[in-house]
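One structure below.
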Amino acid sequence: MMGGMGMMGGAMGGMMGGGSMWAINGMAVMHDDMWNMKPVLTLTRGKSYMLAIDNQTAWHHPMHIHGHSFRVITRNGAPTKYREWRDTVLIPPRERAEIAFVADNPGDWMFHCHILDHQEGGMMSVIRVT
């Protein structure tokens, strides 16, 4: 299965309305609402998945998944050389990475930018494995 996740920036409320600055797939979750997050993806335990992560911003984003390790398969459509195991991948501005992993750990797992200002500004979500 191929799933896509877009990271978006923009002043969606931002400093003017106390809203979020960042989003994943158009969903922004502020820290005080993180316990009510709906999953951006629901995956079946034991199946293999490939996620496309698009950085549609002008900033670098180290994207991190809790509870799973993955391999970076491509960057901007080109195969990666080593495909080593990771739990975080740095996505440069306006670039894309495809990651592959087995959803072998059931539960709700945080998927977020590891830059805390970005995470606190809404760039976090949940991937559910059932």
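The values are calculated or read from the model by the stated rules, or taken from the named source; none is laboratory data. Please read these numbers as outputs of a predicted model, since none were measured by experiment. Neighbour counts are summed over all protein chains in view; Cβ atoms, including those assigned to glycine, are modelled from backbone coordinates with ideal geometry. These accessible areas exclude ligands, DNA and RNA; they are computed on the full protein's heavy atoms, side chains included. Shrake-Rupley method; radii C 1.70, N 1.55, O 1.52, S 1.80 Å.
So here's what we get for this one:
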| quantity | calculated |
| --- | --- |
| Pairwise FRET efficiency - Val102 versus Asn25, Cβ, R0 = 25 Å, nearest 0.05 | 0.70 |
| Amide H partners (placed H, <5 Å) of Trp109, local residues excluded | Ile127, Arg128, Val129 |
| Contour excess over end-to-end distance, with Cα ends at Ile115 and Ile73 and 0.36 nm allotted per residue | 12.8 nm |
| Accessible-area order (highest first, 1.4 angstrom probe) of the listed residues Arg83, Arg94 | Arg94, Arg83 |
| Contour minus Cα-Cα distance for Thr88 and Arg45 (0.36 nm per residue) | 13.4 nm |
